[in-house]
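No lab work stands behind these numbers, since they all come straight from the coordinates. This structure is a prediction, so every number in the text was calculated from the model and none was measured. Methodologically, a virtual Cβ is constructed for each residue, glycine included, from the backbone with ideal geometry; neighbour enumeration extends over all protein chains shown.
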Amino acid sequence: MDIYIPRLILYLLLQVFLASLCLNTSSIVKSCMEEERQALLNFKQDLIDPSGRISSWVGHQCCGWRGISCNNHTGHVVIIDLRNPYPRPYRNFTEYEESCLGGKLNPYLLGLKHLSYLDLSLNDFQGLPIPNFIGQLTSLSYLNLSSLSRSATFVAEIPPSLGNLSNLNSLDLQHNLLSSKNLDWLSHLSSLKYLNLGGVNLSSTRVSWLHAANMLPSLSELHLSGCQIGGNQLPLSMPTINFTSLLVLDMSWNNLINSSFPKWIFNLSSLTKLDLTGNPLLRSTLNELPSLKSLEYLHLSSAGLNGQVPKFIGNLCKLKSLGLASNKFDGGIQEFLSGFSNCSFNRMESLDLSYCGLVGKLPTSLGMLKRLQHLNLGSNSFWGSLPATIISNLSSSLKALDLSSNLFNGSIPQNLGQLCQLVTLDLSSNLFKSYNIPQSLGQLSQLVHLDLSENSWGGTITEAHFINLTRLELFSISTDRRVPIIFNLTDYDWIPPFKLRAVYMDNCRVGPGFPIWLQSQTELLDVKLSNAGISGAIPEEWVFKISSQIKTLNLSYNQISGRLPFRFNFSYLYIIDLSHNQFDGPLQLSSTNTPILTFLSLSYNYLNGTIPSSICNIQSLCTLCLRNNQLSGKFPQEWSLWRDIGSLDVSNNNLSGNIPTSMGIPRSIEILKMGNNYFTGEIPSSLQNCSDLDRLYLGGNKFTGSLPFWLGSKVLKLKVLQLRSNFLSGNVPEQLCNLSYLTILDLSNNNLSGAIPKCLINLTSLVHDLKKGWHSPEPNGDPTTLTMKARQSEYSISNAVFVTIIDLSSNDLEGEIPEELCSLVQLGTLNLSMNQLSGNIPSKIGNLLLLETLDLSQNQLSGHIPQSLSSLTFLSHLNLSFNNLTGRIPSGNQLQTLDDSSIYEGNPSLCGFPLSKCPEDRDNVPESLAEENKDHGDDDENLGFYTSTVLGFIIGFWSICGTLILKKSWRYAYFQFFDNIKEKVALSIALKVAHIQGRR
């Protein structure tokens, strides 16, 4: 017992000593040098901190301030870590911006003589140059001034003073707009192990980047992605290689074009990661890659490779990650997989062969990659079913599976639920035809991302499909079947086990009521429930819960009624589509509720009242669609507040008054649709400022005045000009001929006069196929109303690309139809009806080989119909009625199918099918009849032949027999003649018979 007492006392004394040491250390951490504390406070003065990250920089204990760390023994400040802490800025960019530091960097940092770690990355200093004083912080071993991709925190030349940081181990300047004409400063950083100059412009540097990097013997990671390095800046050989300890080389997204691959790379025997993505390399230059035996990461995506998938890559037995996406390979991947048979142990964890043009079925040998965690075969042409054996072999490792945009069909294997580690599953855009989606999906307990959209799913979905999906954050499903997928939940009040952040469902019935399971999802950022069979009002409690974070909301093509849900504050909402519903009441919307809204579609509802001027305060708005409502009153005069507006559609309402003169102030407008309202006055000249105007629809209003000349002199990018059904007058200005991109010109139903300009031949898009230049800033795809084949039809933007129209009908145009119109060979519809046009139809009208509609009715045209008209094989609607046309209607080809006589009525001098036959067809009967009979000709002509034959017989018969009956002497002489003939014939026969018998 006495032996253990000293030990116990010794133990207690040791504990007291350690406790006092910890207390002493704690006091040292919290204290700091006054000179350094003051330097930090002065440095803080020029910083902008909207989120209050450095609000803790108060008091005397600066070592406890946020982002500041001191040496435990000396108390000197050694670390400043002010990196933006916001995770994943792409998830909510506004919150990310609010957490950025800004302002400027002042030289008070030089008061921190012992500073070894400085991280100011992912902030926003709005394009400042890197301060020269940074190069005087000679104690630095870590410097990170990197930015979020292309946000340009720092710009201009990299200061050569950074070469003074001889103790630097890590330097990261990526994603800034920096350049360096002289990299000589880099060679002085002899201790550097990590260098990232990603995005720095090295295209004009006077010192070779490779020469500078080769002076860094300790370098283990070199990142030069997107540095604009050309092939002439990549030497094929080096006399000596000093950075032999290099483990990572990233030269992706440059312009490395060489006839052979640089030999010095194959001397980097320690290299484990090589990224040459986005360089137009030659396949023949890669044959020596297997010599890099230590390679674990190889990315050659978008490298211009072709031919077979390289088999020799299979000899890289330590390879863990391989990226060959966006190349053009032949055949399948069987030969590539066979290359791995040379390796006794396969280590592949990530394989990306997306966008490679691969075809065929998935080989079961894919299952040999038993350690595979990420497999991306998207956007190829793989077909057939998904082999169940592959799933079984990869069940213990696979975390991400992307088979999207292929040709897979059949059913999903039931053993899909065995992929117990799966986090991401993307089967979108295939030909899967499962009538019932397998319930085994519900066993993927690790699943976060599930995309089943754009297939031919059918049947029902129940709670069993989600039973264990506790981590699910994204769910996307849609079907192209006419019969939608049915959500058949046995429990109406079912609450799913997950909290979704994004849900995308199209053509899936979840209604008729607003589903309880969806109302339970209160963390949603993106919602699409299009054509979901939902009716009734949107639950306000649910809207309130998601309003603070929701970014996109699409509830289009339902039967949702009630008032618009805009009384809540949608701070981050930038896309909302509530079109094709039954919302009513006034439109109440302002920047207070939706400060960053960029896209708004409320078309095809029952909204009434006026368009509030407060909507113009939403300065971020780019697309506004209020089509097909019951809105009235004038359009807001505050139009000019929309600085970035690109598309506006208020057509098919009851709006009136003049178009605001401010309409041309935001020059960004590309699509303007204000048709079928009651707008009056002249077309405002301010629109000539909209130099990017692409499509202009003002038809169906009450505009007066003449056609503006600036339409072809100031606004030159127009593809669609629709001004039909107004009260416009005057001539068609020749300036319109300058619209070389124009494909639809509709000026019908106005009071235009004069001649049709011959210069319309200059409409280049109607001469050459230039449809590839079309693009649409209308993501909702609201239709466009066009008049074709004598009726109005709605065309989606994707289909409107292929429509070409010139419609000048129902005006007072006069003169001849210009022969030059026959050169517009891309034209699909030509309507010149109901004018005062005269002269002949152009003889070369048959050159318009793509013409489907031709309407020249109700004019004063004369002469013959050109024979070339019969060569129009696509012609399906023709109207030449009520003119002064003469002669025979051409026959043959497509015209034979247009057998409606109304096409030609009102032309009394026309003849031929389908009208009555021409006079010349009734002459020269015998020859024509003989030929027609021989060839089974026309029935009417045959009937005429038979009739004339019978009449001839009757006339011949009665002319002889009638005379014999009426004249007795002739009758006696006639029968006397036949009696004499009869006696002579009988005597002759008797003599002949007697002679024959005598010879026998």
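Distance from the Cα centroid of region 610-670 to that of region 710-770 is 25 Å (rounded to whole angstrom). Pairs with C-alpha atoms separated by more than 21 Å, drawn from the list Lys634/Lys702; Lys293/Lys399; Lys193/Lys273; Lys320/Lys370, are Lys293/Lys399.
Available extension along the chain between Ser294 and Gln619 is 111.5 nm, counting 0.36 nm per residue and deducting the alpha carbon span. Centre-to-centre, using Cα atoms only, region 473-498 and region 292-362 are separated by 38 Å. The residue among Gly127, Ser208, Leu112 whose Cα reaches farthest toward the positive pole of the charge dipole of region 85-221, with charges on the beta-carbon of Lys, Arg, Asp and Glu, is Ser208.
Taking amide H positions as modeled 1.01 Å from N, with prolines and chain starts lacking one, the residues under 5 Å from Gly681 and 5 or more places away or on another chain are Thr704. Spin-label model, Ser338/Tyr678: points 7 Å from Cα along the beta carbon direction are separated by 7.8 nm. Here the gap between Gln588 and Thr610, fully extended at 0.36 nm per residue and compared with their Cα-Cα distance, gives a gain of 7.0 nm. Ordering Gly459, Pro512, Leu525 by Cα displacement along the dipole of region 390-547 toward the positive end leaves Gly459 in first place; charges were set at the Cβ atoms of Lys, Arg (+1) and Asp, Glu (-1). Run the quick spin-label model on Trp494 and Asn531: label points 7 Å from Cα toward the beta carbon, then report their separation in nm to one decimal. Inter-label distance under the simple model: 2.3 nm.
Once the C-beta distance of Asp900 and Ser862 is scaled by a Förster radius of 25 Å, the resulting FRET efficiency is 0.65 to the nearest 0.05. Model label points for Asp692 and Asn42, set 7 angstrom from Cα along the Cα-to-Cβ axis, are 4.7 nm apart. For region 498-512, the Karplus equation 6.51 cos²θ - 1.76 cosθ + 1.60, evaluated at θ = phi - 60°, returns couplings of 10, 10, 6, 9, 8, 9, 10, 9, 10, 6, 10, 7, 10, x, x Hz by residue, with Gly and Pro reported as x. Scoring 593-600, 234-241 by mean Cβ neighbours within 10 Å over their residues and listing the highest first yields 593-600, 234-241. Toward the positive end of the charge dipole of region 651-740, about the Cα centre and with charges on Cβ (Lys, Arg +1; Asp, Glu -1), which of Thr661, Gly730, Asn676 goes farthest? Comparing the listed Cα positions along the dipole, Asn676 ranks first.
Given a Förster distance of 51 Å, report the FRET efficiency between Asn415 and Glu816 from their Cβ-Cβ distance, rounded to the nearest 0.05. Efficiency computed from Cβ-Cβ geometry: 0.10. Near the amide H of His864, within less than 5 Å, lie the amide hydrogens of Thr886, all on another chain or at least 5 residues away, with H placed in the peptide plane.
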